[in-house]
Amino acid sequence: MATPSTEAPTADPQGPSAATSALRPPQQPHTATITPLPPFQPDLYHRAWSSIPHPSLPLLATAHAKSVTVFSLSTFTKHSALTGGHARSVRTVAWQPPRGSNKKRLGLVTGSFDATAGLWSYDVEGEREGALEREVRLRDNDSDGDSPEDDREWEFNLVLEGHENEIKSLSFSPGGQFLATCSRDKSVWIWEDVSPSDEDDDDANGDWETVAVLNEHEGDVKCVAWCPSRLPGARALAARRRYYSAECLASASYDNTVRIWREDAADGGEWTCVAVLEGHEGTVWQVQWEEAEQRRGKKFPRLMTCSADGTIRVWSLKQDEDDEAEEGDQEEGGFNNNPFRGIPNTMRRSLREEWECTAVLPQVHTRDVYSIAWSAETGLVASTGSDGVIALYAEEEAEEEEGKDGENETAGSSPPKTTWRVLGTVTGGHGPYEINHITWCKRFDPGAGEGRGKEEMLVTTGDDGVVRPWQVRIS
Amino acid sequence: MEKDLENANPTILSVSELPSRRRKGPAARTGPDAGCDKIVFPKHHWPYGATSSSSDEDEDYAEEPLDEQDIYGTRPCLLFISRRTRTFSNYACLIDLISPISDPEHPHTLGQLSVVRLPDIHLTPSPREVSGSNSLVTVRVDLTPTINHCSLATVIGLAVRCRLERTLPPNYRVDVRMKPGSHDQDGQVNKQLGDKERVAAALENDALQAMMNKMLGACD
């Protein structure tokens, strides 16, 4: 490999000094300026696959080679590392949502080409509330992170074995009850955390059980993603269709399709494929759910996919008037108290769902689109891929207003099509190298000024082993 | 042992018949094999990242496709020339990079077996149009397997992709495919060879890695 470039082509290595505005784009964003911030240190030198921000703490976990490096988002330097758990490259990583009494430790799961997933934990001393946050902050204030204790705390606790080949992606359900893993062996596995809820912290390994092995894809499964089931739209549907549990999983595959999976609560918790999304003409590399809740109200979250065919698509669930009717106060009820639970299969509605492609984003990329990021804050979408281009898109607001409250829709008609606009692009984001992953994450660096903890930035991960943050300015 | 071969009697070209620029290259080169070595271990700093390289360096190491029409018509060639000294600081000819790869089941090279052929190597855009070291160049290599059901097609394709990715600068994107109609499952093989993740995982497989090393052994 040639020496990786440390400077982006348009690099302005100077961090921004007055990053205050642009926490939220104005109503109709027109253009975006995407400027590189100084990359995370140290440089990893070899291909890095993906970087996943912690949902609340200023930490970013990057999967590369056989390990994971955790960076601090406050200092853009190394915080800690997970090494020695896998025989082959770590492809992907996910932060474990805190469950029960486990709030005093960090949990990470790694998915590796060695066909296993590893559960790791990072214990934080002290029992007090908020100890974790303090610990992370303290470490950030350490000089340069060269302290000899740097690698001490991550412990490899548990290995999940079952897949025959490389694990490509994994994802926790919003409450952390389920973990989905997917592999080149064409299967998706769902694991359930069955640890006793009053578990002592010292025995934090947890017990995991396989609850489903889903074999319907005809090729490698590239990505799995759980629906943000706590959003009102998702809860409303789960409540209306009582035979569903709240959780819903999407998987993207080498077979060019996306599949939607739900647990059929009436059928002994059997997981079934309720929809196949067809339209891409190449491997679907990633699938992501819409999380910006204010945009959708009671509608079920949409999906976005990116593919080797160079396109990015948005998919919407076709909901009938029944589904969209105003809900009572039964959102939280769940299926356990469900009065219809004993109704025989033949009496129930079909589980089958109809999903439609409701938008194709303007095509920017000339080669595989490896990764997309859909902001939960702003609804803006960023994409990247083999061509090294970073692109930012916004959805046009106009049509949403016209089609408001189903005026243009007759009962059971198709969900409205929307259009998207390119706000800005960066070419050669990692010099001549491919970019494997892009994500939104909150800024915690001093350069963010008053936007610290609120303003969003992009982070890209490339074949050059560089993890680079980008400041995004909307005007 | 012979009867296990997928193709027991391939057509073999003698080494002297092969199109190559190795033996008849410009006199300024230091030796026939030096070219590849210099690409593998470039002695100069690649001018990636425009801000870090002075305009001097840019000029110095610009790609200059001087030899597009040489006696063999080897169009897909790149020359990395120092403009200041007018000597070749680096030299690459795509066919010479992949032609010496050994066939996995015959004691011959892919060039000798006509699995890789000069007219089936394409560069887009042509080096003349490339504006800088960050501009993408796509190399497409269409392979002709010796017989149309050769199960080793994927392995051969992997070796070619691997060889080119290891030797070419990082702004090159390598697409290796089976020549249309030359292989029963060319669609399937092409998709596998185009999948970065599968290629990366395959190269971590010890058995395959050993095979790759053997096939690529003659190249360096």
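A few comments on the model shown:
- From phi via Karplus (6.51, -1.76, 1.60), per-residue ³J(HN,Hα) for region B:210-217 in Hz, x at Gly/Pro: 4, 5, 4, 4, 5, 5, 8, x
- Unsatisfied cross-links (Cα-Cα over 20 Å) in the set A:LYS318/A:LYS417; A:LYS298/A:LYS417; A:LYS66/B:LYS191; A:LYS222/A:LYS454; A:LYS186/A:LYS299; A:LYS186/A:LYS318: A:LYS66/B:LYS191; A:LYS222/A:LYS454; A:LYS186/A:LYS299; A:LYS186/A:LYS318
- Neighbour net charge for B:VAL189 - beta-carbon separation under 13 angstrom, K R +1, D E -1: 0
- Chain A packed on chain B takes about 2400 Å² of accessible surface away from a 1.4 Å probe, both sides summed.
- Here the Karplus relation 6.51 cos²θ - 1.76 cosθ + 1.60, evaluated at θ = phi - 60°, turns the backbone of region A:377-384 into coupling constants of 7, 10, x, 6, 10, 10, 9, 7 Hz, with x for every Gly and Pro.
- Taking a Cβ cut-off of under 13 Å around A:LEU361, the surrounding Lys, Arg, Asp and Glu residues balance to a net charge of +1, with basic ones at +1 and acidic ones at -1.
- HN-Hα J in Hz across region A:37-51 - Karplus 6.51, -1.76, 1.60, θ = phi - 60°, x for Gly and Pro: 9, x, x, 4, 10, x, 4, 8, 6, 10, 2, 10, 8, 7, 10
- Heavy-atom accessible area, 1.4 Å probe, ligands and nucleic acids excluded: residues of region B:134-172 down by at least 50 Å² from chain alone: B:ASN134, B:PRO170
- Ranking B:GLU165, A:GLU354 from most to least accessible surface, computed with a 1.4 Å probe over the protein chains only, gives A:GLU354, B:GLU165.
- Using alpha carbons only, the radius of gyration of region B:105-220 set against its Kirkwood radius gives Rg/Rh = 0.96.
- Scanning residues 5 or more positions from A:ASP464 or on other chains, those with amide H under 5 Å from its amide H are A:ALA48, with H placed 1.01 Å from N in the peptide plane.
- Counts of other chain beta carbons within 10 angstrom of each beta carbon in peptide A:423-433 average 4.
- Neighbourhood charge, 13 Å Cβ-Cβ cut-off, centred on B:GLY157 and excluding it, Lys, Arg +1 and Asp, Glu -1: 0
- 10 Å Cβ neighbours from other chains, averaged over peptide B:201-209: 3
- Number of partner chain Cβ atoms within 10 Å, mean per residue of B:191-200: 6
- Evaluated at q = 0.14, 0.34 Å⁻¹: base-10 log I(q)/I(0), Debye formula over Cα of region A:158-198: -0.34, -1.22
The values are calculated or read from the model by the stated rules, or taken from the named source; none is laboratory data. These numbers come from a predicted model, not from an experiment. We place every Cβ from the backbone using ideal geometry, glycine too, and count neighbours over all the protein chains shown. What goes into the accessible areas is simple: the full protein's heavy atoms, side chains included, and nothing from ligands, DNA or RNA. Shrake-Rupley method; radii C 1.70, N 1.55, O 1.52, S 1.80 Å.
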